[in-house]
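> Here it is, the structure, as structure tokens.
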Amino acid sequence: MTSIDFEGTPVESNEGDTIASALFRAGVRTFTRSLKYHRRRGLYCLSGDCPNCLMTVDDVPGVRACTTPARSGQRVRRESGSPSTERDLLGLADKAHRLMPVGFYYKSFTKPRWLWPLVEKVIRRHTGVGTLPVDQLPQRKGARHARPDVLVIGGGVGGLAAARAAAGAGATVAVVDEGRFAAAIPAGPLRRRIEDLAAELRGLPTVELLEQHVAVGIYEGPTVPCVGPHELVEVEPGRVIVATGAVEAHGVFAGNDLPGVWLGRGAARMAGVHGVAPGRWAVAVIDTTEGLEHLAILRSAGMRVAEVVAPDAIAGRVPAGIPVTRNARLLAAHGRGRVESVLLGTARGERTVACDSVVISLGYAPRDALVRMAEGLPVSAAGDVVIPGCTVEEAEASGTRAGSDAGRADHAREPAQAPLGAEGYVCLCEDVGVEELRAAWAEGWTSAEILKRYTTTTMGPCQGAMCGGHLAAFVEDHGGAPQAQGRTTARPPARTVRLEDLAGGVNEVIEKRTALHDAHVAAGATLDRSGSWIRPSTYGDVAAEIRAVREGVGVMDVGTLGKFLVAGPDAPQLMDRLFTCRVRDLKPGRARYLLALDEAGYVMDDGLICALDAGRYYVTSTTGGADAMEAWLLNWADRWHLRALVLNQTSMLGAINVAGPRARELLQRLCDDDVGPAALGYARHGDITVAGVDCRAIRSGFVGEVSFELHHRRSSGEALWDALRGAGADMGLRPHGLDALDVLRLEKGHSYLGQDTLPDDHPAKLGLMWAVHMDKPAFVGKTALLRMSALPLERKQVGLDFAAEPQRGAPLYAGDAIVGRVTSCARSEALGRWIGLAWLRRVDGAFPARLRAGGIGATVVDTPFYDPDGARQRA
Amino acid sequence: MALKIPCPHCGPRDYTEFMFGGELRPMGGAPGQGPTAEDPHDDFARVYLLDNAPGVQRERWFHLFGCRRWLELRRDTRTNEVAPGTAP
């Protein structure tokens, strides 16, 4: 025996209990208050179809108590009503329907105009649809894909028979069901058949059984997301068989929503599965053979059946001893907050019968939303969903047909429609009665789709499962035009789904580490994600890290850079046609800044190109652009039929940037090769051996000091790193991370592509035309640049000096107009001021120079801010 | 959306392993010649005025989480039915 916490009170639950059955056994009768009129609502379908038992379970709102297993310690509370669901003052709304006429949110409280926002807030609180927890992190669920030949949705007789037939024909099969097979079915032939079929399938290696998984909808593909308790399974089957069965028809009569009105299957489930009598004495209104079976189950649980109302065909089969009224109509259920009597209309007039429950078995409404949303997809149906009210044998035959041969699946048979009374709630979710549908019709909303939108019928949690057929019948009865009739469009999701569930797997991302990862961790670095890489942001003291680079020497792990070897007879041609700079005149040993443009002339990436020996190049790209760079290189080599091979060395090679005025001195301590200004001057590269590690040293200038990028075999990374740190210790060498780099590069006015740039930035907007050799015959993007050069430059990147600390992302104002945005900013200790990069729009033919960023004065200045002529990095 | 792409090197694989390279367009520059100075209007049409037609489209995909090679595909944009295209 376990217990759940129900609004602060422990409630005992038995093995096999759902939250609803445990609460009902404990005496709870009012489970919810209705949306608009705050009428009491109790258990009704007990099959997850109606909205009457939505509760907040462990802070999650909108949970169906009738299909959620009870677990020890669960915190359950009701959602609607003030001060409580049991004693709800808002129930007064039920006395004042005139205040909220149909479509009231289109026509009430609209004048004066300021009124609606206030009223809307009140109404939203009034509805009581639960409160989203905003102070909790969502649970992280995993996700996986499953690709069976056949997916069967629904684990009843039809579904399991379909699965067996499909598996027998050699197909791989998955079966998804919201609960455990047969768990919600009272003992009897149906339950036995389901258990037998399930047992047959359990042994089969080609069948996967996804119990307690909810098929949310059928999407293109077909793709069927199935939400399980611990993971999201994205099923991408060859075809789908929907065997979701039918829900018993919702009865529409006055008082049809009183607690104590039960659908027959719901009452039978409460009695037969959970062993709790749904009430003390019932009137049963039975139009189906199945309803007869329910009688025995109800009586065995100790419920008295006061009277049965049935047509002639059924009446003769009612067990002896129960009073039967033939061919009567159920006109109304009466009572204050619960059923106390029913009003029957018979040939001899109206008659009141005292009872505390009404059990109705009026017919079936197929649970066909999944079928109807899957038009054009390989989806068929079997069992109750196409043959509503079929026998166990018929369901099995139907499933077998659908499973063995998609072409022979059954076509939907129209269900017998439960009659629509003159009064009563059509839509339980949204509190829409027959009277309101009539009022809306009289206002001129005379088609199913429009009535739906105006009255919100079918738009609640049940998504039309209970009321969709009634809405269609209403339109037909009232003589709607042919095109205005029929069921409204079904769309996924068909079942309530949490965003957290659909986001299953989004946290499963590739995490890349450089060869120096362990060294960074040992050094106490703060690690952060940078794209898919894990990189140090700082080793503890950003200011000291910056100072080391500016005044002594610093090292940084830049092994994440994109690194490519391009070789082959046509490699020079490929490089020359791709990049904006001249490549053919690049002599071995020289490096050049490269820009990669797309065909629209927009900057895709930048990096360096080093000419190795004849016909071989070494290309680097930004960390984030490496994948795209590889694809881009290969794409053009392919399409131009060039004999050039591209080898992506990004993860084979490590790279360490050694930078600072004493960088050369440090290398000289560890290296016998000539690293002097003549051999390894700015924009040169060469192969050297540092501390016994073979390196390609590239003289780059990103941080604005003498710097050597040492590219080396990944496996030698830690040895090289340790040697550099050891040899530089007495120079005040420090490793630095991305935080220091951000300031160092900003002082030099270098952009971070993607942060400081916009997707439609061409080189002129970024002041990078010096890197574009327009005198080349052609390169990718050149024609676009020529075309755009005829247009005035409306936006460009600028450097800014700020009077005080600015905010990154702050809008830039010239007067009252927003003319740009700050994309990077930092305090530069080397310069003693606040600097930043921004994009700026032209105003009245000129770029304004005096701006404000938020409340901070900003002045446009030339870049680089630091060492404008580059003397330091060229040394 | 479920879409399986027949990779000539790796077999049929999920589309999520691939990077979409867009519909196959005339190239900037003929094979073996590379991009040449073009008429700006032709260039504009080539870069921006995609067919985006309902029906079978030739397109390129890069098998990023696989062989890292480009392939050509014929895909019906209405149904996602695919067939291998001709090699580039």
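> Looking at A:Arg164, A:Arg144, A:Arg140, A:Arg180, can you tell me which residue is touching a Gly at 6+ places or on another chain (Cβ under 9 Å) and part of a strand (DSSP E or B)?
Answer to the check: A:Arg144.
> Another question, then. Name the residue, out of A:Val224, A:Val235, A:Val214, A:Val173, that is closer than 18 Å to A:Ala402 by Cα and either crowded, with 24+ Cβ neighbours inside 10 Å or away from chain B (no Cβ under 14 Å) (or both).
After ruling out the rest, the residue left standing is A:Val173.
> Go over the candidates A:Ala771, A:Ala778 one by one and state the one that is surrounded by fewer than 18 Cβ atoms within 10 Å (Cβ to Cβ), small (Gly, Ala, Ser), under 26 Å from A:Val583 (Cα atoms) and touching a Cys at 6+ places or on another chain (Cβ under 9 Å). Please lay out each step first, then the result.
Details: A:Ala778 fails: touching a Cys at 6+ places or on another chain (Cβ under 9 Å).
Matching residue, one of A:Ala771, A:Ala778: A:Ala771.
> Residues of the range A:105-161 being under 30 Å from A:Leu201 (Cβ atoms) and acidic (Asp, Glu), which ones?
Within the range A:105-161, A:Asp149 is the sole residue that qualifies.
> Taking the residues in the range A:370-393 that are assigned to a helix (DSSP H, G or I) and in contact with a helix residue (DSSP H, G or I) (Cβ under 8 Å, 6 or more places away or on another chain) as candidates, determine which candidate is nearest to A:Leu151 (Cα to Cα).
My answer is A:Val371.
> When you scan the range A:695-751, how many residues do you find that are under 24 Å from A:Arg529 (Cα atoms) and of a type in the set (Phe, Trp, Tyr)?
Number of matching residues: 2.
> Ok, one more. Could you count how many residues in the range A:18-56 are touching an Asp or Glu at 6+ places or on another chain (Cβ under 9 Å) and part of a strand (DSSP E or B)?
7
> Do you know which of the residues in the range A:242-253 that are in contact with a Leu (Cβ under 7 Å, 6 or more places away or on another chain) and outside any loop (DSSP other than H, G, I, E, B) is surrounded by the most Cβ atoms within 10 Å (Cβ to Cβ)?
Out of the qualifying residues, it is A:Val242.
> Now for a different question. When the range B:57-88 is examined, which residues are found to be polar (S, T, N, Q) and assigned to a loop (DSSP other than H, G, I, E, B)? So that I can check it myself, show each step before the final result.
Keep residues of the range B:57-88 that are polar (S, T, N, Q), which gives B:57, B:77, B:79-80, B:86.
Result: B:Thr77, B:Thr79, B:Asn80, B:Thr86.
> Let me ask something additional. For the range A:638-657, check the following and say yes or no: at least one residue is within 30 Å of B:Gly22 (Cβ to Cβ), of a type in the set (A, V, I, L, M), within 14 Å of chain B (Cβ to nearest Cβ) and assigned to a helix (DSSP H, G or I).
Checking the range A:638-657: not a single residue is within 30 Å of B:Gly22 (Cβ to Cβ), of a type in the set (A, V, I, L, M), within 14 Å of chain B (Cβ to nearest Cβ) and assigned to a helix (DSSP H, G or I).
> Search the range A:547-601 for residues being farther than 30 Å from A:Asp730 by Cα and acidic (Asp, Glu), and hand back the single one that is surrounded by the fewest Cβ atoms within 10 Å (Cβ to Cβ).
A:Asp585
> Moving to a separate point now. Given the criteria surrounded by fewer than 22 Cβ atoms within 10 Å (Cβ to Cβ) and in a loop (DSSP other than H, G, I, E, B), does A:Ser3 qualify?
No.
> Check whether at least one residue in the range A:741-752 is basic (Lys, Arg), outside any helix (DSSP H, G or I), over 39 Å from the mean Cα position of the chain (by Cα) and more than 14 Å from every other protein chain (Cβ to nearest Cβ), and report yes or no.
For the range A:741-752, residues basic (Lys, Arg), outside any helix (DSSP H, G or I), over 39 Å from the mean Cα position of the chain (by Cα) and more than 14 Å from every other protein chain (Cβ to nearest Cβ): present.
> I'd like the full set of residues that are within 11 Å of another protein chain (Cβ to nearest Cβ), within 9 Å of the chain's Cα centre (by Cα) and of a type in the set (A, V, I, L, M, F, W, C), limited to the range B:57-76.
Passing the criteria: B:Trp61, B:Phe62, B:Trp70, B:Leu71.
> Oh, and also: Filter the range A:93-102 down to residues that are assigned to a helix (DSSP H, G or I) and surrounded by 11 or more Cβ atoms within 10 Å (Cβ to Cβ), then give me how many there are.
The total comes to 4.
> Go through the range A:19-58 and count every residue that is among the hydroxyl-bearing types (Ser, Thr, Tyr) and closer than 11 Å to A:Val76 by Cβ.
Initially, the range A:19-58 is screened for residues among the hydroxyl-bearing types (Ser, Thr, Tyr), giving A:21, A:30, A:32, A:34, A:37, A:44, A:47, A:56.
Filter once more, so that each one left must be closer than 11 Å to A:Val76 by Cβ: A:56.
Adding up the residues that qualify gives 1.
> Which of the numbered conditions does A:Met788 fail, given that it passes all the others? Conditions: (1) part of a helix (DSSP H, G or I); (2) away from chain B (no Cβ under 14 Å); (3) touching a residue at least 12 places away in the same chain (Cβ under 8 Å); (4) not polar (S, T, N, Q).
(2)
> Where the second residue is among the aliphatic types (A, V, I, L, M) and surrounded by fewer than 11 Cβ atoms within 10 Å (Cβ to Cβ) and the first is more than 20 Å from A:Arg78 (Cβ to Cβ) and lies in the range A:119-131, which pairs have Cβ atoms under 6 Å and are six or more apart or on separate chains?
none
> Now for a different question. Given the criterion within 14 Å of another protein chain (Cβ to nearest Cβ), in contact with a strand residue (DSSP E or B) (Cβ under 9 Å, 6 or more places away or on another chain) and modelled with pLDDT of 95 or more, identify the matching residue among A:Val285, A:Val261, A:Val240.
Criteria check complete, one pass: A:Val240.
The values are calculated or read from the model by the stated rules, or taken from the named source; none is laboratory data. Because the structure is a prediction, the values reported are computed rather than measured. Positions of Cβ are backbone-derived with ideal geometry, glycine not excepted, and every protein chain shown enters the neighbour counts.
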